[in-house]
Every structure is written in C-alpha cells, then in structure tokens.
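Reading through the structure tokens given below for one structure.
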Amino acid sequence: HQGPRRLLAAEMTAAIPGDATRPIRADLATELADLAALHAMSTSLPAAPPAPLSSASSAPSRPVLPMVPAALPGVRTPLFFGKRPVELSLRLRNLNWGPGLTLGLSGKVRTREHRLDAPSLRLTVNERPLRFSLHLLDTPRGMAIGTAGHLERPLRLAPLVALSVPDSPFQGTLRRLDWRLNLRDVPEPEWPALAEGTVRAELADIVIPNRMLFNPYARLLLAPVEALMRVSALLPSSINLQGEWRKFQDNMLASGSTFSELRFHTGALKLRAGRQYIEIEECDFRGTPVEKLTFSGRIATGGEQSLALVSQLSLFGMPLTIPIQGTPTAPQVNLRELIPAMTGGQLQSLIDRVEEVLGETLPLEDITGAASGEKNRRSADSAGK
C-alpha cells in the first residue's frame, strides 16, 4: 500500500457519577478497524533490549523495579474488573480481517469485581448475525463461563476457515447453529473436558479438500472413507470378493477419482458434552460419491482421550459399518471387524494377509495413495494377462 491509511477509527465516551456506588457508563464505537494490519503491527514490534550486565563500576545507586510485578510461576493472576460496576455499550462496526471477512459486535456488557455479564450480544460475520449471551465469573479454581446463542441467517464458512488455513479451497454454508455451553476451571489444561452442554448445526454444499486431512477434525470425519480406500488397495486380485464390493472397486476405478476432495450436499450435527466426554447424538452427511456418512458413539475427552465410534458409510453403493477406535488425533479401524463385511467366507486368509502389511489395527494416514495405488495395480494385472 502506498501512502498513509487509517487502521483504526474509534471513539469512547464515559460518564463517571460522583456517587461511587453508581455504575460508570461508557460507550465504545468504531467506524473501522483493520484487524489484520493491527495484529501484524503488534507482532512485529521489536522486543525490549536486554538490560546490561551489572558490575561494581556500572551498578546503579538503587535498584530499578518493574512498574508491574511479574506473576509467580504457576500462580494465576485473578481476573478483577474493579469494585465499581461498569456498564459498557458496544457499537463496533467494520472490523476487517483481510478482504473476505468483516465483523461487527453490538450490545451491553456489565462488569463488577470478578464478574462479567452480557445477556444479549449481536455478532455479525459478513453481515450474517449471531445472537448470543456470555457470562463469566472468576473463582479461586478458575473461570466459569456460560454461553448460549444461535445463528440468524446462513453463513458461508470459507472466510472463517481461511483464518487458520489461508487459500483453503474448503467450501460450505452453515445453515443453522445453536449452542448452550458451560465451561469450568478455565484455563486449567483440561478445561475442554469439563465442558457441558449441547451444540447443533446444519450445513450445506460442503467441499472438503484432501489437504485438510492435516486438521484432526476433518481427519476424523473422513476416517471411514480413508479406511475403505486403503484396504481396497491391498486386496489381492485373486480373492473372489462379494459382488457388491467388486462393484465398488470397479466404480471407484471408473470414476478416476483420487479423492482430492469430498463433496456433501447436506450435513447435520448434534453433540452433547458432559464432564469428560462428548456424545454424538447425530452426525449425518449426504453427498457424492459418498452417498451417506454417519457417526454415533462417544469421545472421551478426559486425561486419556479415546474414541468409541461406529460409522455407517455408503460409497458407490457399497454399504459398510466401520468401528473406529484410537484417539481423536490418531483414529484407528479394527480390521477384524471391517473385513468380514467385505469378504464373507474368505475372512481369515484375507485378515492374515492384510495384517502382515498393516497390523491388527489400521492407523489412518493419506487417502489419495490408496486409490492411485489400486488403479496402478489393476492396470498392471491387466497388462500381464
């Protein structure tokens, strides 16, 4: 950018009554704010130079004390807003983060001592509003946070995903979002495991690129498809598979797909969180070539995170039930439960053969190599005949 430009235009006013028992009333409004530029400036500020080593000749006559005492290691500084109540009205507009994301926030926030209450806030994301409440109370064990809200109009998710994955080809529209959550003991390391409440969402027109498999949540969603592709690539051509499974292989190869992306027309999700677990009450995606992908079961979120899930998958007309174990970041499929649905009476010989390569459980890696490897092997078999 050539020449100066405004990064922030804001105004704040306050009325402070003489009676100390009455609340301070303040208004904060923005005309614009370039959040990306302000963040870049804050992270690029030079660090303070190190203090010179003291010596007998250069030592100051009296010690230099910091203006703010440093927190003791392992001791959390309590959150304290002051003894006098403050009522803050927010009218924040044109909060821009790059060319594709504009935010806004309005509503009233009240603070006093260790408590913050915002019973009705309105957050806009690219002019799509979310209404929500936020309550925070700091306690000796940590912060207790309660929040509930809903999305009022459909929201495109690509600009939000781009915050963490720049230039991502991910697409999708969030058509519904409702949540009610309570968190305790924040910021203890395991505070997510202490969340309680429900989240419900409905999505449409979803495109998940293969390179998003580095994200653990996308990876878990696509785990059944990945398992199917990798096992398919290892099946020996001499095995006389069930008719449906052979049809699946033929359709997969005829499509020429290496699953560089998956598309879902619709998606529905309902989660219920309790202390130390997340229950999947509904997780249902429909699309092409994955006609159906559902999950049910429980995710343990405590100290030893684990999965106890069952996925129902229909791909190219091939229905399968796939148990998923392991952890959220390293899901696994038990081959002794997956292969019977694919091979019928030839179970044991095929299990032994696949386990020689993969082991008893299948750690899920990249789905693209499975499809291309199977295609090359089938081409080689044809050329050798």
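Filter the range 153-171 down to residues that are over 15 Å from Val125 (Cα atoms) and not in a helix (DSSP H, G or I), then give me how many there are.
Qualifying residue count for the region: 7.
Looking at Asp178 and the list (1) more than 24 Å from Glu87 (Cα to Cα); (2) surrounded by 15 or more Cβ atoms within 10 Å (Cβ to Cβ); (3) without any contact (Cβ under 8 Å) to a residue 60 or more places away in the chain, which single condition is not satisfied?
Looking at each condition in turn, Asp178 falls short on (2).
Go over the candidates Arg184, Arg175, Arg131 one by one and state the one that is in a strand (DSSP E or B), at pLDDT below 90 and over 26 Å from Ala330 (Cβ atoms).
Details: Arg175 fails: at pLDDT below 90; Arg131 fails: at pLDDT below 90.
Of the residues listed, the single one that is in a strand (DSSP E or B), at pLDDT below 90 and over 26 Å from Ala330 (Cβ atoms) is Arg184.
Go through Gly98, Gly74, Gly3 for me and flag whichever is under 30 Å from Pro169 (Cα atoms), at pLDDT below 90 and assigned to a loop (DSSP other than H, G, I, E, B).
Just a single option satisfies the conditions, and that option is Gly98.
From the residues in the range 284-304 that are buried (at least 19 other Cβ atoms within 10 Å of the Cβ) and either within 27 Å of Asp205 (Cβ to Cβ) or free of Cβ contacts under 8 Å to residues at least 24 places away in the same chain (or both), which one is nearest to the chain's Cα centre (by Cα)?
Ile299
What residue, of Ala162, Ala158, Ala204, is over 30 Å from Gly303 (Cβ atoms) and at pLDDT 95 or above?
Working: Ala162 fails: at pLDDT 95 or above; Ala158 fails: at pLDDT 95 or above.
Every option except Ala204 fails the conditions.
The values are calculated or read from the model by the stated rules, or taken from the named source; none is laboratory data. Source: prediction; values computed, not measured. Positions of Cβ are backbone-derived with ideal geometry, glycine not excepted, and every protein chain shown enters the neighbour counts.
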